[in-house]
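First comes the structure, then the notes that go with it.
The values are calculated or read from the model by the stated rules, or taken from the named source; none is laboratory data. Just so we're clear, the structure is a prediction, and the values are computed from it rather than from any experiment. Don't worry about glycine lacking a Cβ; one is built from the backbone with ideal geometry, like all the others, and counts go over all protein chains shown.
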């Protein structure tokens with residue numbers, strides 16, 4: 001991590017906003033911060049730690065200036081890896097009436113591309129998690145390896161056992177070779193043990209296996225094969241007979257069906273004969289119908305002529321009068 005710019009206001013001895021431009025300070029290489037006790041040297045480091053992790057390395061709970069009710073810190077830094085990335089963190093802290101300090105507005109922004117800045121997180125917990133992800137160090141690792149507050153250097157050198165191993169894993173991103181690898185190995189070993197136990201259980205069912213047993217089973221298998229050949233031949237004959245008989249069976253079913261239809265027709269024979277007689281009578285009647293119609297028409301004409309005759313008679317009588 002390379003610091004670029006730090007702005008602090010209301011932190012310890014800094015009442016007014018102060019800006020530290022690290023780019024200018026590092027133009028010529030290394031730089032030092034000097035001053036009398038209480039001038040604010042450690043406060044600069046506190047400002048960086050406070051911006052990154054929301055806490056100071058000295059674990060103080062009274063870092064807001066007594067003349068201020070709030071503290072603002074803005075920190076820009078650069079991470080150089082496969083690609084160079086720049087980030088900016090804004091945090092605000094407020095003092096409550098009971099003297100405790102609460103976190104206010106906060107956010108971390110990716111400012112690598114000034115024209116397309118991206119807010120990565122805007123909550124206390126999410127920012128802290130994102131910072132650990134970006135830098136690769138938690139607060140304790142950061143204060144032990146980067147900030148090293150007064151009196152803590154010897155503590156860093158004296159770290160032993162699990163604490164040193166865990167810190168070095170995080171510092172050099174070796175988790176995949178530490179606890180992660182151990183967990184994977186334990187999982188793999190557990191699976192192999194389970195599989196081994198299953199195989200041992202399966203093999204326990206074959207304790208009485210021997211060459212004689214194998215020969216006996218092979219003889220039985222050969223007998224089964226011979227029996228299978230005979231049964232297969234018999235099955236072929238049966239299937240052939242089945243197909244032939246199946247055709248006969250179908251024809252028999254058709255014959256039964258036709259006989260049933262014949263029986264039904266015979267039962268209706270008398271009724272059918274009556275219908276035939278009716279049809280014949282109808283056909284004979286149809287031949288007489290023209291004569292009947294002609295006769296009816298003649299009667300109608302006769303009635304009509306008779307009416308006309310009566311009419312003429314009346315007229316003749318009138319004429320005679």
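Go through the residues of region 101-118 one by one and say whether even a single one is over 22 Å from residue 19 (Cα atoms), part of a strand (DSSP E or B), over 31 Å from the mean Cα position of the chain (by Cα) and touching a residue at least 24 places away in the same chain (Cβ under 8 Å). The answer is yes, given that some residue of region 101-118 is over 22 Å from residue 19 (Cα atoms), part of a strand (DSSP E or B), over 31 Å from the mean Cα position of the chain (by Cα) and touching a residue at least 24 places away in the same chain (Cβ under 8 Å). Please indicate, with yes or no, whether at least one residue in region 130-145 is assigned to a loop (DSSP other than H, G, I, E, B), at pLDDT below 70 and either closer than 30 Å to residue 84 by Cα or touching a strand residue (DSSP E or B) at 6+ places or on another chain (Cβ under 8 Å) (or both). No; the residues of region 130-145 include none that is assigned to a loop (DSSP other than H, G, I, E, B), at pLDDT below 70 and either closer than 30 Å to residue 84 by Cα or touching a strand residue (DSSP E or B) at 6+ places or on another chain (Cβ under 8 Å) (or both).
Please verify whether residue 83 is modelled with pLDDT of 85 or more, surrounded by fewer than 11 Cβ atoms within 10 Å (Cβ to Cβ) and under 45 Å from the mean Cα position of the chain (by Cα), treating the condition exactly as stated. Considered against the rule, which asks whether it is modelled with pLDDT of 85 or more, surrounded by fewer than 11 Cβ atoms within 10 Å (Cβ to Cβ) and under 45 Å from the mean Cα position of the chain (by Cα), residue 83 comes out as yes.
Taking the criterion of being in contact (Cβ under 8 Å) with a residue 60 or more places away in the chain and over 17 Å from residue 45 (Cα atoms), the residues of region 62-92 that qualify are 70, 79, 80, 86. The single condition among (1) without any contact (Cβ under 8 Å) to a residue 24 or more places away in the chain; (2) closer than 25 Å to residue 14 by Cα that residue 133 does not meet is (2). So is residue 91 crowded, with 16+ Cβ neighbours inside 10 Å and either part of a strand (DSSP E or B) or touching a strand residue (DSSP E or B) at 6+ places or on another chain (Cβ under 6 Å) (or both) or not? Considered against the rule, which asks whether it is crowded, with 16+ Cβ neighbours inside 10 Å and either part of a strand (DSSP E or B) or touching a strand residue (DSSP E or B) at 6+ places or on another chain (Cβ under 6 Å) (or both), residue 91 comes out as yes.
Of all the criteria given as (1) assigned to a loop (DSSP other than H, G, I, E, B); (2) farther than 19 Å from residue 87 by Cα, the one not satisfied by residue 43 is (1).
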